[in-house]
Amino acid sequence: QVQLVESGGGLVQPGGSLRLPCAASGSITNISIYSMGWYRQAPGKQRELVAYMTTGGNQYADSVKGRFTISRDNAENTVSLQMSLQMNSLEPEDTAIYYCNLRPWHGDSYWGQGTQVTVSS
């Protein structure tokens, strides 16, 4: 089993920044990872992809390009995995619950419990 734990959410004013870390633990070495990424779900809306990274590079939703950056924080560590989402120039439309995601080449994805981000003055 793999466990994902997000942190770093909170209340921020428009134009502000937040960094969301995600720590993965458990049977990391037993799975072949296709992608790691972030999704979000705003009230009354479907969950949507924000950003993800594969060995081929990083991809972003059009709504966050140029403002958000996804990165792996401990590439040298094969036992645990840490990645983060740096969010700059936040807008009220970015308000949502943000979920960390790990997708293997085979089998179901793993999800964190989510962390609330609220952008409001």
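Just the protein heavy atoms count here, and of the accessible area of the chain at 1.4 Å, carbon and sulfur take up 47 percent. Within segment 54-121, the trypsin sites (Lys or Arg not before Pro) that combine a DSSP coil assignment with at most 10 other C-beta atoms in a 10 angstrom radius are LYS65. Here is the list for segment 3-98: GluC sites (Glu not before Pro) lying in DSSP coil, each with at most 14 other C-beta atoms within 10 angstrom of its C-beta, are GLU76. Sorting 9-19, 109-119 by average packing, meaning the other beta carbons within 10 Å per residue, from highest down gives 109-119, 9-19. What is the Cα centroid distance between segment 80-117 and segment 42-56, reported in whole angstrom? Centre-to-centre distance over Cα atoms comes out at 7 Å. The candidate values are [x] 0.98; [y] 0.94; [z] 0.96; the one derived from this structure for Rg/Rh (Cα atoms, Kirkwood Rh) carries the label [z]. If you plug the beta carbon distance of ARG47 and ASP73 into 1/(1 + (r/R0)^6) with R0 = 25 Å, you get a FRET efficiency near 0.55. Residue-normalised convex hull volume from the C-alpha trace of segment 51-105: 103 Å³ per residue.
In the context of the full set of protein chains, the chain has a per residue accessible area of 54 Å² (1.4 Å probe).
Between ASN58 and HIS106, the distance separating the two model label sites (each 7 Å from Cα on the Cα→Cβ line) works out to 3.1 nm. Dividing the mean sequence gap of close Cα pairs (under 8 Å, 6+ apart) by how many residues the chain holds gives a relative contact order of 37 percent.
The values are calculated or read from the model by the stated rules, or taken from the named source; none is laboratory data. What you are looking at is a predicted structure, and each value in this text was computed from that prediction instead of being measured. All Cβ positions, glycine included, derive from the backbone under ideal geometry; neighbour counts span all protein chains shown. Surface areas here come from the heavy atoms of the whole protein model, side chains and all, with no ligands, DNA or RNA. Shrake-Rupley method; radii C 1.70, N 1.55, O 1.52, S 1.80 Å.
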